[in-house]
Amino acid sequence: MVTQTVGLAVAAALLVYLTLIYNGLVTIKNGVRRAWSNIDVLLKQRHDEIPKLVAVCLAYMQFERETLERVMAARTGANAARENRDIPGVNAAEGLIRAGLGRIAATVEAYPDLKANQSIQQLLSRITGLENSISDRRELYNEYVLTNNVRIERFPDVIVASLFGFRPALLLEFSADEISDVDVRALMRDGP
């Protein structure tokens, strides 16, 4: 009788412990999703601003059509990757967008008519603000991803994670070139 009671107590304690592990993993997994959703909203907002910037710039920058077309193509690729939650695709496309926006910013700085255009300045300011927000949210997302990935590899969490199909998430990483400030002078030397 005592052995049976002890056995039931141990089984109940083990069940409670495994439930706590499972619930913790679910919380972290949903944190990763929520953090991605926050980035997704900001990326979508920034991608919505790009056609407006391109349209305003086209009036002044007929000779820069190739740069504008590259930015729009990168935007299309980024949207597709974002919608499919293709983190490596988002990383690559966002790098192309950032480079194109840097070239546009360099062109704006080089030409007084563009620099004086209020619409262009507002759009560039809005895009810069969104990029700063994306950077902040990316940091939070990557913290959740790291926590998720560590938990599903750590014992005894790994047992529960493998039983219930918890998977590692991918970090949203940009190369050092993509996160550094745009060197407008270098872009102007290379040609806007």
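The values are calculated or read from the model by the stated rules, or taken from the named source; none is laboratory data. All values derive from a computational prediction rather than experimental measurement. Neighbour counts are summed over all protein chains in view; Cβ atoms, including those assigned to glycine, are modelled from backbone coordinates with ideal geometry.
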Qualifying helices (runs of 4 or more DSSP H) (wholly inside the range 99-192; at least 1 residues being modelled with pLDDT of 75 or more and within 30 Å of Thr19 (Cα to Cα)): 118-153, 157-163
Leu58, sole failed condition from (1) over 24 Å from Ser37 (Cα atoms); (2) in contact with a helix residue (DSSP H, G or I) (Cβ under 6 Å, 6 or more places away or on another chain): (2)
Checking Val2 against (1) at pLDDT below 85; (2) closer than 27 Å to Glu131 by Cβ, the condition it does not meet: (2)
Every residue from the range 72-100 that is surrounded by fewer than 22 Cβ atoms within 10 Å (Cβ to Cβ), within 20 Å of Ile39 (Cβ to Cβ) and of a type in the set (A, V, I, L, M): Ala80, Ala81, Ile87, Ala92, Leu96, Ala99
Qualifying residue in the range 51-67 (condition: closer than 16 Å to Ile120 by Cα and acidic (Asp, Glu)): yes
Where a residue in the range 121-139 is over 18 Å from Ala55 (Cα atoms) and its partner, wherever it lies, is basic (Lys, Arg), with Cβ under 6 Å and at least six apart: Leu130/Arg46
Of residues in the range 39-58 being more than 16 Å from Glu94 (Cα to Cα) and not β-branched (Val, Ile, Thr), the one modelled with the lowest pLDDT: Leu58
In the range 10-49, the residues that are acidic (Asp, Glu) and loosely packed, with under 14 Cβ neighbours inside 10 Å: Asp48
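Residues of the range 78-98 being free of Cβ contacts under 8 Å to residues at least 24 places away in the same chain and either in contact with a Phe, Trp or Tyr (Cβ under 7 Å, 6 or more places away or on another chain) or assigned to a helix (DSSP H, G or I) (or both), which ones? Even if it seems obvious, please write down each step before you answer.
If we filter the range 78-98 for residues that are free of Cβ contacts under 8 Å to residues at least 24 places away in the same chain, which is where we start, we get 80-81, 83-84, 86, 89, 92-93.
Result: Ala80, Ala81, Glu83, Gly89, Ala92, Ala93.
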